[in-house]
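K.L.:
Pasting in a structure now, in structure tokens, and then I'll have a few things to ask.
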Amino acid sequence: MNSTYTDPILDWYAANARDLPWRAPDATPWGVLISEIMLQQTPVVRVLPVWRAWTERWPTPAALAAEPSGEAVRAWGRLGYPRRALRLHESARAITDRHGGEVPSSHADLLALPGIGSYTAAAVASFAFRQRHAVLDTNVRRVLARLVSGEEYPPKAQTKAEVALAEGLLPLDPPTAARWAVAVMELGALVCTARTPRCVDCPVLAQCTWHLKGRPAYDGPPRRGQTYTGTDRQCRGRLLAVLRDADGPVEKPALDVVWSDAPQRERALDALIADGLVDPLDDGRYTLPT
DNA sequence: CAGACGTGGTA
DNA sequence: TTACCAAGTCT
């Protein structure tokens, strides 16, 4: 489906793509999968060093599967949302047990793995296996909202109309569709950014509905909310950091000192245990899962 | 389906 | 300084 956007954006990508290691010719599907999980809600610059450490230490799913899940949580460092590390570890075991150690290439098989949703399944199938899928992440949703819909931001929740639009724009040839998918995403990441878009550098400015309308300001409901300080999330982060930074099991008082609100602290610790991020020992100490 | 789930950089 | 934002998923 030849769109007026396709060629300019593909050309722009050829000239401006970042040189990211998970895009290198020698990157494996496993490396791509790791990058996609790490990049969920996390900026590229923070992912880079952790991705290198992971792929060097665990070059295959089987290598990670052979370790206790706590090692994945520890090596996750401060990327945030550590349940992702747990799920990546679970995925490594599932891939080893059920897929002969090879990352599956089908969207359905990928989707069945823990921590992999609609976006990540499409991204891995497209980036690692050069298949034709609509890869709809926050960048692409924003680009299409501006380019086609003429809105500064996409709706809060993804709509069927957005999926239909993205599929309609997809080039028919699978390898070209895969290049298109990463190219639109890159345009959103580098040019068509959320806060201050660099429209002067945009290859499709002349075809941008939002620009043609004079870049009207977003008028919908407030975009965010959600303070972080004082939340259970912050408390969980503090608790887990103690365990990550310790060599072995820690005594309870070592956890108590990082959060003064005792009821909240106990609740957060219980939740971490329920999530499988922390193991309580019989002797009263706590540790990352072994 | 709205809210939970980490962390750090930037305007 | 506060608030938003960064390649989402799960319940």
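Yes/no matrix, rows are residues, columns are (1) of a type in the set (Val, Ile, Thr); (2) away from DNA strand C (no atom under 14 Å from the Cβ):
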position: A:Pro203; (1), (2): no, yes
position: A:Lys213; (1), (2): no, yes
position: A:Thr231; (1), (2): yes, no
position: A:Arg236; (1), (2): no, no
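K.L.:
Of all residues being among the β-branched types (Val, Ile, Thr) and more than 29 Å from the chain's Cα centre (by Cα) in region A:235-275, which is farthest from A:Tyr286 (Cα to Cα)? Just the residue, please. Spell out the reasoning first.
P.N.:
Going residue by residue through region A:235-275, those that are among the β-branched types (Val, Ile, Thr) are A:242, A:250, A:257-258, A:273.
Then keep just the ones that are more than 29 Å from the chain's Cα centre (by Cα); that gives A:250, A:257.
On the way: A:Val250: 5, A:Val257: 14 Å.
Across region A:235-275, the extreme among qualifying residues is A:Val257.
K.L.:
Since A:Leu269 meets every condition but one in (1) surrounded by fewer than 14 Cβ atoms within 10 Å (Cβ to Cβ); (2) away from DNA strand B (no atom under 11 Å from the Cβ), which condition does it not meet?
P.N.:
Going through (1) surrounded by fewer than 14 Cβ atoms within 10 Å (Cβ to Cβ); (2) away from DNA strand B (no atom under 11 Å from the Cβ) one by one, A:Leu269 breaks only (1).
K.L.:
Out of curiosity, is A:Ala85 in contact with a Phe, Trp or Tyr (Cβ under 6 Å, 6 or more places away or on another chain), in a helix (DSSP H, G or I) and surrounded by 17 or more Cβ atoms within 10 Å (Cβ to Cβ)?
P.N.:
Working: in contact with a Phe, Trp or Tyr (Cβ under 6 Å, 6 or more places away or on another chain): yes; in a helix (DSSP H, G or I): yes; surrounded by 17 or more Cβ atoms within 10 Å (Cβ to Cβ): yes.
Judged against the criteria, A:Ala85 is a match.
K.L.:
Looking only at region A:29-62, count every residue that is more than 15 Å from DNA strand C (Cβ to nearest atom) and touching a residue at least 24 places away in the same chain (Cβ under 8 Å) and tell me the total.
P.N.:
5
K.L.:
Could you tell me which numbered condition A:Gly230 fails, if it satisfies all but one of (1) under 30 Å from A:Pro197 (Cα atoms); (2) at pLDDT below 95?
P.N.:
Status for A:Gly230: all satisfied but (1).
K.L.:
How many residues are exposed (fewer than 12 other Cβ atoms within 10 Å of the Cβ), among the small types (Gly, Ala, Ser) and closer than 30 Å to A:Val73 by Cα when one looks only at region A:1-52?
P.N.:
Result for region A:1-52: 1.
K.L.:
I need the full set of residues from region A:194-222 which are surrounded by 15 or more Cβ atoms within 10 Å (Cβ to Cβ) and either part of a loop (DSSP other than H, G, I, E, B) or in contact with a strand residue (DSSP E or B) (Cβ under 6 Å, 6 or more places away or on another chain) (or both), in order please.
P.N.:
Across region A:194-222, the qualifying residues are A:Pro197, A:Cys202, A:Pro203, A:Val204, A:Cys208.
K.L.:
Does A:Leu239 meet the test of being within 19 Å of A:Arg78 (Cα to Cα) and in contact with a Ser or Thr (Cβ under 9 Å, 6 or more places away or on another chain)? Reasoning before the result, please.
P.N.:
Working: within 19 Å of A:Arg78 (Cα to Cα): yes; in contact with a Ser or Thr (Cβ under 9 Å, 6 or more places away or on another chain): no.
Against the criterion (within 19 Å of A:Arg78 (Cα to Cα) and in contact with a Ser or Thr (Cβ under 9 Å, 6 or more places away or on another chain)), A:Leu239 does not qualify.
The values are calculated or read from the model by the stated rules, or taken from the named source; none is laboratory data. None of these values were measured; they are calculated from a predicted model. Methodologically, a virtual Cβ is constructed for each residue, glycine included, from the backbone with ideal geometry; neighbour enumeration extends over all protein chains shown.
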